[in-house]
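One structure below.
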Amino acid sequence: MQIFMDGTATRNYAPDQISILIRIEYKAKSEEEALRNGVNKVSDCINTIMSTADFSREEIKTRAYSIHEVIHRNYRTNENISDGYEFSQYMSLIFDYDHERLAKVLVACSRLEVTPNLNIRFGLKDIDACNRELIADAYNNAKLKAEALANAAGKHLRDCMRVDIDFPDNRGGYRGDIMAKTAIRSDTDEETSFMDEVRKIDENFRPDDITVTKTIKCVWETSD
């Protein structure tokens, strides 16, 4: 007799990594102006993040870049009308979980002339280690249920003959889109205001634990 049994395990993990996708867009009437000013805005963003949150230039990676003409269709005249050119650049920033450092990035970006769109994700650096723990838990869960079924059938559980494990790319986490907004402030209180904003975000911005679930399929042999 063979027993086919699924085993499931779930654990909650505190996030230990932050990933930020930074998108900067700039529109202008000419391609030259969009490119020139767009690159300047990207440079301003990078320098601001580096100086306020202590990142190196190598940590801010360019993911994608584009510049294209924006066209809309005038259906009354059946013509294509140019709305100018749009520059966009995507950058990524990945670092160990540090809520104060994250708050500094958010506040710094909110003070830029062209505010970027920030997509934030909390995750786990070593998802493989988490999977190893969950596989062990899931195996024990499956074995416990298989033993109960074998006892009910008057059998003895023997060796586990097969285990099927699915490894989806499920890193859990929380995603959030944040469009930075420029605040009105006094130049004389610049540094105090900056740290006040950082503290407010730091005190109120807390990600939930990441729940990871693993299911495996096992086959056991039994004997009388």
**Prompt:** Angle, helix 31-53 long axis vs. longest principal axis of the chain, Cα atoms, 0 to 90°, nearest 10?
**Reply:** 60 degrees
**Request:** For segment 50-104, take the alpha-carbon Rg, divide it by the Kirkwood Rh, and send me Rg/Rh.
**Result:** 1.31
**Item:** Proximal lysines to residue 217, defined as alpha-carbon separation beneath 17 angstrom and excluding residues fewer than eight positions away on the same chain
**Value:** 143, 145
**Prompt:** Using 7 Å Cα-to-Cβ label points, what is the residue 40/residue 79 separation (nm, one decimal)?
**Reply:** 3.1 nm
**Largest-first principal axis extents of the Cα set of the chain (Å)** = 82, 55, 31
**Descending semi-axes in Å of segment 43-138, equivalent ellipsoid built from Cα gyration tensor** = 38, 22, 11
**Sequence-distant aspartates and glutamates (8 or more away, or on other chains) whose Cα lies within less than 18 Å of residue 125** = 16, 59, 96, 98, 133, 169, 208, 209
**Request:** Specify the longest stretch of the chain that does not include any exposed loop site, a site being one of the trypsin sites (Lys or Arg not before Pro) with a non-H, G, I, E, B DSSP assignment and at most 12 other Cβ atoms within 10 Å.
**Result:** 77-180
**Fill in**
Candidate cut points under chymotrypsin sites (Phe, Trp or Tyr not before Pro) in segment 14-117, DSSP loop plus at most 12 other Cβ atoms within 10 Å of their own Cβ, are 75
**Fill in**
Listed by chain and number, the aspartates and glutamates with an alpha carbon less than 17 angstrom from that of residue 29, same-chain partners under 8 positions apart left out, are 69, 83, 86
**Asked** Can you give the FRET efficiency for residue 14 and residue 63, using 1/(1 + (r/R0)^6), R0 = 22 Å, r = Cβ-Cβ distance, to the nearest 0.05?
**Response** 0.25
**Prompt:** What is the dipole size for the chain, taken about its Cα centre, with +1 at each Lys and Arg Cβ and -1 at each Asp and Glu Cβ, in debye to the nearest 20?
**Reply:** 660 debye
**Request:** Rounded to the nearest 500, what is the 222 nm mean residue ellipticity of the chain from helices alone, with -39500 (n - 2.57) per DSSP H run of 4+ residues and division by all residues?
**Result:** -11500 deg cm²/dmol
**In degrees, nearest ten, helix 190-204 long axis to first principal axis of the chain (Cα)** = 20 degrees
**Asked** How far is helix 127-152 tilted, in degrees, relative to the longest principal axis of the Cα atoms in the chain, given as a value from 0 to 90 rounded to the nearest 10?
**Response** 30 degrees
**Prompt:** So between residue 151 and residue 204, what do we pick up on full extension, going 0.36 nm a residue minus the alpha carbon distance?
**Reply:** 13.8 nm
**Message:** Need one number: convex hull volume per residue for segment 17-71, Cα atoms only, in Å³.
**Reply:** 91 Å³
**Fill in**
Between the alpha carbon centres of segment 3-42 and segment 106-152 the gap in Å comes to 18 Å
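The numbers here are math on the coordinates, done by the rules we state, and not lab data. This one's a predicted model, so the numbers in the text were calculated from it and none came from an experiment. Methodologically, a virtual Cβ is constructed for each residue, glycine included, from the backbone with ideal geometry; neighbour enumeration extends over all protein chains shown.
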